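Everything below concerns the one structure shown next.
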């Protein structure tokens, strides 16, 4: 297990900073390009992908990096969405709304985490699920949040004269917020704290012996994840215009986990790749056949059989086998 | 049928042509004055999942209407064309479907099985300057607090059907004063029962509420709810009491399946179901259909109008002799509503079409239908149809009686 | 008296259905250490196959039983094929990494329901002679529910006898506790895995077959008892059949009593039970710490 930890450390944190800076214009050009030439439907597609990416990244901070499977992250995502939903009619500044979404998501995660983190592994997964589902059931009974219909017609207020309701502007706004969130998570993952989380993932007992306060770090990761999930939920409410009980349901919690596994949960960029493929695939197939989930399932199965650790896992293995040999031949053998 | 992934790649690869197309998408109504290109109607309805029948039957009805209209020369000398999207019983998928249709230049929409989905879609329809005719979605909010002028409804509102029910019951079952209820334990479920009881009180001074059983939407085993109802009923309830069932889909079917061994259906003189709709129960339970009344907008036997005769004939011809159900009729009627509106507006520009919704009249299956000015609600009657098992027949059930209640103009 | 007895009978009947499904899940969990999300898919498949084999008709009990057994066997056979082709390749992965594979299997099973049976819901009537209620100690009980209670106990006794008192059972337990050592001792681990997976899926299919007269048959059936089953497995203790039985009874009874006495809380009964047990005893009622930590 130990060697695996070091190995995944290397792949989940890009070491080559100049290369990263050199690559930066690509995403920027992409955001601007979509904003310039995309039609309503394309803009909406990419905005949805972006918001999904942030949620998946937040879940993967727990799942991929800390090794904690939560099946209740929809709770914080949904709380973020409902926070925006409740504030939207009061002409609150959109940035303030998103900050509050993040705050409510984080606070809820702190409360639930303090209780559920006494457990680990699958029991933890089921307990987080139980709290999430309880919250889901509560929405059906509350008039204030629209019961089973949720809050509809959410339109973000203007941001200093800029109309966020415009699909093009909403796309750029979402892309910027998601990028900031993703950058933050990336910084966390390559910080000493992030390395400690991966040590906890790979061997919690050893981490404890090495002096890492495991419970506190897990709780901190859980709260961070909840706060970012809340932010993603707030964006979701902006993009979709609704905050519905659906957004709190356990399948909403499962989606980012599946997305992470699909892209490669041990890789920071796994959820990013996973989100693009997942949203595009469900989008395309659901329009082609009523039995679309059959084909999605078949696709996942092919990925699992070819590369059990997700698409990036397969790419990484191919890279180790062929790419590195071409690049720096003998160096790896020396290790 | 356009592929989402291609669309996604398109955003990356396409150049100025797309930008032009995108600008065109915003004001697609511009070509309205030119005769020739087909007028596209977008149908967003459930095509997958447990209630897919609403959307698939609805599509059949819409296609019959479009074939009839196109054979008769179209609308403004242009053909009608149907574009469909799956509602997926998801507010998110519904919003996406609206945006997809908009970017394809399809701005006149109808459909929606779920009110929650329609409620999510309406603000986007308004934002994009489209129109939406609710074929099945019945939430009262769509006609009141969330009403927008872009919206019109062929489907009866919950408020409308819940006030028609007591009228029907007073006519047909004047001796039944005590009513029990099975409803969902969430807002619409409670509101529905409250509307019903308020209207019953207004109609019947002896009205009494019996046992109220509210079922959470997460419940799978309904036996405890059934026995909770049964143990509250007096011995003679089968001759003296009624039950109002405001459930739909699996919950409604499971209630009667799991209740059958206990003789649930025989413990009431009258069963009135008003949540799910026409035939859903009977088509699933077949020869085990309980003797019950279903309140909904339409029954193909109920109306002897020229339009309805034509509809039933054309529908049966197109569907191997199967008569149309209410979902097919609601979609059929939605298409005719658009035909009337486009002709009155002399344009398929959504802005002009929505301007003529209020006060519009057209020939519907039930006769002359008027769209109310205040909430764009079509004033259509409620039909109360008695279903019972008919083990001898191929389908296993039959409709033995239908009562039509017309809305009062004030509602 | 009736006020107490009625929820007891209702709760036990549903608990037995839940137990039959969850016992299969806990066996697969305990022996292979795979979180089998596809279990609900086999449950739904069992129900639909029963409907097809019974032609959707009200059959005499013996013929319905044949249809139910046939459906469960088809599920088991399919399960073993999937085990050999797919699941065998993911045993080396952690619980969490194998989720994608079992989730994929669930989607494929659920999607095939739509491909094969279409979108219109179906309904399987109760077997003839089981369409009425009987009076037990002054309480009305559906006779089919009495049958469920009897069958649930039968499954419990059968599993206990097989796992504890046969050579096969000892082999299974040996593989569950240490597969490397078992292989060294000459036990055919692959065969034990395939066999146990078949048995687990058989129980899922059987649960579906028995549930078919109680529920509308549509594709959502694949997720109908999923949460409840996982709750039973963890509350009972992973891999413990007796634990699953006790947990199923606990969940069933808590739900039926809450419906009878505090309906608002009934919506939350599953979560209350899960939180209460797992926070006090993370290994579940009868689970061992070793099993849970893996």
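Each value in this text was obtained by applying a stated rule to the coordinates, not by laboratory testing. Model, not experiment: these values are computed from the prediction. Reconstructed Cβ throughout: ideal geometry from the backbone, glycine too, with neighbour counts over all protein chains shown.
The sum of -39500 (n - 2.57) across all DSSP H runs of n ≥ 4, divided by the residue count of chain B, sets its helix-only mean residue ellipticity at 222 nm to -12500 deg cm²/dmol. Taking the alpha-carbon centroid of each part, what is the distance from the range A:29-95 to the range B:104-135 in angstrom? Taking the Cα centre of the range B:104-135 as reference, the centre of the range A:29-95 is 24 Å away. Between B:183, B:205, B:334, the residue with the greatest mean-square fluctuation in the GNM of chain B (Cα pairs under 10 Å linked by springs) is B:205.
I need the shape label for the protein assembly as shown. Rule: rounded when a/c is under 1.5, else prolate if a/b > b/c, else oblate, with a, b, c from the alpha carbon gyration tensor. The partial results should precede the final answer.
Details: a/c = 1.82, a/b = 1.14, b/c = 1.59.
Judged from the Cα gyration tensor, the protein assembly as shown comes out oblate (a/c at least 1.5, b/c at or above a/b).
Taking square-rooted eigenvalues a ≥ b ≥ c of the alpha carbon gyration tensor, is the range B:146-280 rounded, prolate or oblate, where a/c under 1.5 means rounded and, failing that, a/b exceeding b/c means prolate? Oblate is the answer for the range B:146-280, as a/c is 1.5 or above yet b/c matches or exceeds a/b.
Taking square-rooted eigenvalues a ≥ b ≥ c of the alpha carbon gyration tensor, is the range A:89-205 rounded, prolate or oblate, where a/c under 1.5 means rounded and, failing that, a/b exceeding b/c means prolate? Walk me through the numbers on the way to the answer.
Values: a/c = 3.01, a/b = 1.31, b/c = 2.29.
Cα axes put the range A:89-205 in the oblate bin.
Mean partner shielding of peptide A:114-125, defined as the number of other chain Cβ atoms within 10 Å of each residue Cβ, is 5. Of C:259, C:192, C:201, the residue with the greatest mean-square motion in the GNM of chain C, using alpha carbon springs below 10 Å, is C:259. Note on residue A:143 and residue A:115: their simple-model spin labels are 2.7 nm apart, each label 7 Å out from Cα toward Cβ.
Got a sec? Which residues in the range C:99-117 would a label at residue C:52 touch, if it sits 7 Å along Cα→Cβ and we count backbone N under 11 Å? Output list for this probe position: C:112-117. Springs between Cα atoms under 10 Å define the GNM used for chain A, and in it the highest mean-square fluctuation of A:126, A:209, A:68 occurs at A:209. Between residue A:103 and residue A:21, the simple spin-label model (points 7 angstrom out along Cα→Cβ) gives 3.6 nm.
Roughly how crowded by other chains is peptide B:180-193, in terms of the mean Cβ count from those chains within 10 Å of each of its Cβ atoms?
Working: counts 0, 0, 0, 0, 3, 7, 10, 10, 4, 3, 3, 2, 0, 0.
Averaged over the peptide's residues, the number is 3.
Report, to the nearest 10°, how far helix A:25-37 tilts away from the longest principal axis of the Cα atoms in chain A, using its own Cα long axis and a range of 0 to 90°. That works out to roughly 30 degrees. Each peptide in C:262-269, A:54-61 was scored by the mean count of other Cβ atoms within 10 Å over its residues; highest first, the order is A:54-61, C:262-269.
Show me B:310-317, C:165-172, C:118-125 ranked by packing, highest mean number of other Cβ atoms within 10 Å first. Mind showing how you got there, number by number?
Numbers: B:310-317: 17.5, C:165-172: 13.9, C:118-125: 20.9.
Highest mean packing first, the order is C:118-125, B:310-317, C:165-172.
Distance from the Cα centroid of the range B:236-298 to that of the range A:230-299 is 38 Å (rounded to whole angstrom). Counting Cβ atoms of other protein chains within 10 Å of each Cβ in B:239-248 and taking the mean gives 0.
Using a 10 Å cut-off around each Cβ, can you sort B:375, A:163, B:158 from fewest to most neighbouring Cβ atoms?
Details: B:375 16, A:163 12, B:158 24.
In increasing order of surrounding Cβ atoms, one gets A:163, B:375, B:158.
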